[in-house]
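Take a look at the structure set out below.
The values are calculated or read from the model by the stated rules, or taken from the named source; none is laboratory data. Here the structure is a predicted model, which is why all the values come from computation and not from measurement. Heavy atoms of the whole protein, side chains included, go into the accessibility calculation; ligands, DNA and RNA do not. Shrake-Rupley method; radii C 1.70, N 1.55, O 1.52, S 1.80 Å.
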Amino acid sequence: MTEVTIWLAFGAGVISFLSPCIFPLVPAYLAQLTGTTISENQIHAERRMIVSRSLGFILGFTIIFLILGASSTFIGQFFARYNTLIEQLGGIIIVIFGLQMAGIISIRALLSEKKMKHNPKKSTSFASSVVFGLVFAAGWSPCIGLVLGAILTLASQAETMTSGMVMLFVYSIGLGIPFLLVALLYSRSLNKMKKINKIIPRIQKISGIL
């Protein structure tokens, strides 16, 4: 693990948060997590509940990402004898994902999406918010999947399983901190989020190029 890799993983988490399938839906996530509704441009829930349920949600998806990180590194170590080939294929995959995010190419297979047959019930406790986070991370989403796939490809090349898990943990922090900040700052005035929504497509293209 290098400082560059750490910042890359953190930045990937932030980019994932700013994707079209997460940032615009944050109010819906918060309403689901707190078991409340949205009206008059605000989430009708106490700030303490918003924080606790958001932390539970973050914990849930972090657990899944840690498992994915460990699994990717294990697979990479299993095929250690083909390390050079895996690095080259991994580079090709990351470039393809970047071109897809930048809108330069369009591969339909990368835009496929798997959804739960039934929407999860609204959260009624901290434990249920953790479960909601698990469900969120386990479901495939095309816009977060490209960035996550690139990070998992890098994790597969890590020397130890711990390194791979740390990389995905930092990715989770990059995804979780903005979620918590938006939950605290904008839950009382959702109109402020619309200004950021307008620049999300541009952020995605820049992220793809990076």
*Say we join alpha carbon atoms closer than 10 Å with springs in a Gaussian network model of the chain; which of Phe132, Phe79, Phe17 then has the biggest fluctuation?*
Phe79
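So what is the accessible area of the chain per residue, in Å², with the probe set to 1.4 Å? Write out the running numbers ahead of the final one.
Values: 11720 Å² over 210 residues.
Solvent-accessible surface per residue comes out at 56 Å².
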*Take the alpha-carbon centre of region 145-160, take the same for region 18-93, and report the distance between them in whole Å.*
14 Å
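Counting each DSSP H run of 4 or more residues in the chain as -39500 (n - 2.57), what helix-only mean residue ellipticity at 222 nm follows after dividing by all residues, to the nearest 500 deg cm²/dmol? Present the calculation step by step, with values, prior to reporting the outcome.
Working: 9 runs with 144 residues, N = 210.
Only helices count here, giving -22500 deg cm²/dmol.
At 1.4 Å probe size, with the rest of the protein present, what percent of the exposed accessible area of the chain is carbon and sulfur atoms?
Numbers: 7910 of 11720 Å².
It is 67 percent, rounded to a whole number.
Please say if region 45-109 is rounded, prolate or oblate, where rounded means a/c under 1.5 for a ≥ b ≥ c the square roots of the C-alpha gyration tensor eigenvalues, and otherwise the choice is prolate for a/b larger than b/c and oblate otherwise? Present the calculation step by step, with values, prior to reporting the outcome.
On the way: a/c = 4.76, a/b = 1.62, b/c = 2.93.
Verdict is oblate for region 45-109.
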*Eight or more residues apart or on different chains, and alpha-carbon atoms under 28 Å: count the Lys pairs in the chain matching that.*
15
